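Okay, so here's the structure we're looking at.
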Amino acid sequence: MMQRRRDRRLVVGLALAATAAIGLSACSGSGSSGGSTPAAEAELEGRGPIQYVSSPDASGAAQGTIDEWNAAHPDEQVEWVELPLDADQQRQQMVQNAQVEGSSYSVLNLDVVWTSEFAANRWITPLPEDALPLDEEIPATVEAASYRDTLYSAPYYTDGALLYSRTDLLTAAGVTEPPQTWAELQTACDAVTALPEAAGMSCYAGQFDKNEGLTVNFSEAVNSAGGSVFDDEGTPTVDTPEALTALQFLVDGFESGMIPKDAITFQEEQGRQAFQDGKLVFLRNWPYIYKSMSATDGSSSVAGTFGVSAIPGEDGPGVSTLGGRNIAISSFAENKATALDFITFFTSKEQEEKRLALSSRAPVFSEFFEDPAVTANYPYLPTLLTSLENAKPRPTVVQYGATTAAIQDEIYAALTGDKDPETALSDLQDELTEITNG
């Protein structure tokens, strides 16, 4: 019963966060009406081969789903069009294809924050709500898949930040609890790195390369310091004491060596590899890396020696960014009826359970978070639920590309010492204001 109450709080909290996002935000029903839009049904015609457009998947889980579909649909084969690992490059290639109305991209794997932009530009096609089990999914994931009361994509997986910790070394150093504040993080690192067995290790890393991961990490730091990137009315709020505290924490981390210098090039996979190779005490990353780091085939040097907790903040537990992915149909694709059937298969509960076993991607179906049989095998799920309860979305804006580019440019300049934090935030405030008013 307590777990169900927690799930309800998650639903309410994330739904409110989604509707409070700036600009033309996603706002949809829960899907319980079972309705569908006439426009969606009229456009979803044609059967035959299609293309699934996505970033690489090292786990092989998505390819397994595609292989299963292809075996059962010889006349409606799915070809995987693999995009770069970098999220900004993924978005750029999808946008370029949409701008020329290319038909070579059928089914798009979209970051949740891109859905509004693609829908507003009519680059993706509305989906019929009655084709998907929306009433079984976390409502906030349905909100993130919608735009202006219309479902434009299918929730694929959800995400929240986790702090991965070397629990074996923390125990050896006498640290009994994971850090809840940035100061506790530094204290724990000092204790661990003083150990002979931790010689040469660095303290902490996140994603600080100049790409979407930097926008996420900066947003989390600002929210975790009590600030915001935008307020509820859509006004940029980065030139504030709270945002300065957050950015100064990151800048000081690089200057002091708490964050290793090479972390300025880290995306998700580089951070995973560094932690997995035993080079870091703490790592901020997504749940998907849990499976790789737990591997007992010799590929992970930290299997059985790490734990997860909520990310730390200025005065207490931090605030995660609401992450995840949606699956949508390109407006310019051929064979949209096949594309819809593939999406319903790809995002089904059965397929999500199979991929969870292979990739540790967090499912969008609420029941997985409360099933003891599932959480016994994936013990990070309760911690992830705690992370999601307080998560906040990135700005849900039509001009998201310009918004995230401005954030990346200015924050990267501060982290690399090209600008002092105060100037970077002042310049960013001006740029975001211009984008918002443009």
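The values are calculated or read from the model by the stated rules, or taken from the named source; none is laboratory data. Model, not experiment: these values are computed from the prediction. Ideal geometry is used to build each Cβ from the backbone, glycine not excepted, and the neighbour counts take in all protein chains shown. The accessibility values were calculated without ligands, DNA or RNA, using every heavy atom of the protein model including side chains. Shrake-Rupley method; radii C 1.70, N 1.55, O 1.52, S 1.80 Å.
Quick notes
- Dipole magnitude for the chain: computed about the Cα centre from +1 point charges on Lys and Arg Cβ and -1 point charges on Asp and Glu Cβ, it is near 780 debye.
- Distance between the pseudo-spin-label points of ASN377 and ASP86 (7 Å out from Cα toward the beta carbon): 3.7 nm.
- Using θ = phi - 60° and Karplus 6.51 cos²θ - 1.76 cosθ + 1.60, couplings along region 398-415 (whole Hz; Gly, Pro as x): 5, 8, 5, x, 5, 5, 5, 5, 5, 4, 4, 4, 6, 6, 4, 4, 6, 5
- Karplus-based coupling profile of region 311-317, in residue order and whole Hz: 5, x, x, 5, 10, x, x, with θ = phi - 60° in 6.51 cos²θ - 1.76 cosθ + 1.60 and x standing for Gly or Pro.
- Equivalent-ellipsoid semi-axes of the chain, from the Cα gyration tensor, Å, largest first: 35, 26, 20
- Sulfur and carbon atoms: percent of accessible area, the chain [1.4 Å]: 48
- Residues whose placed amide H lies under 5 Å from that of PHE282, excluding near-sequence neighbours: TYR204, ALA205
- Degrees separating the helix 421-437 axis from the principal Cα axis of the chain, which is the longest one: 20
- Database remark: amide H of GLU79 closer than 5 angstrom to the amide H of ILE50, GLN51, TYR52 (H placed geometrically; neighbours at sequence offset of 5 or more, or on other chains; Pro and chain starts carry no H).
- Based on protein heavy atoms only, the chain ends up with 39 Å² per residue of surface accessible to a 1.4 Å probe.
- Cα→Cβ-extended label distance, 7 Å offset, between THR433 and THR171, nm: 5.4
- Calculated from backbone phi, Karplus (6.51, -1.76, 1.60) coupling profile of region 101-106 in Hz, x at Gly/Pro: 6, x, 9, 7, 10, 9
- The distance separating the Cα centre of region 140-185 from that of region 307-366 comes to 14 Å.
- Hits among lysines - C-alpha to C-alpha of LYS354 under 22 Å, sequence gap 8 or more where chains match: LYS291
- Principal-axis analysis of the Cα atoms of the chain puts helix 182-193 at an angle of about 70° to the longest axis.
- Residues whose amide H lies under 5 Å from that of LYS392, counting only those 5 or more places away or on a different chain, are SER320, THR321, LEU322; hydrogens are built 1.01 Å from N in the peptide plane.
- The sum of -39500 (n - 2.57) across all DSSP H runs of n ≥ 4, divided by the residue count of the chain, sets its helix-only mean residue ellipticity at 222 nm to -13000 deg cm²/dmol.
- Partners for LYS392 among lysines (Cα-Cα distance below 24 Å; same-chain residues under 8 apart left out): LYS210
- Dipole of the chain, positive direction: furthest Cα of ALA339, PRO126, GLN89, with charges on the beta-carbon: ALA339
- Taking Cα centre as origin and charging only the Cβ of basic (Lys, Arg, +1) and acidic (Asp, Glu, -1) residues, the dipole magnitude of region 227-296 rounds to 580 debye.
- Prolate/oblate/rounded label for region 148-279 (Cα gyration tensor, a/c 1.5): prolate
- Antiparallel content of DSSP bridges confined to the chain, in %, to 5: 65
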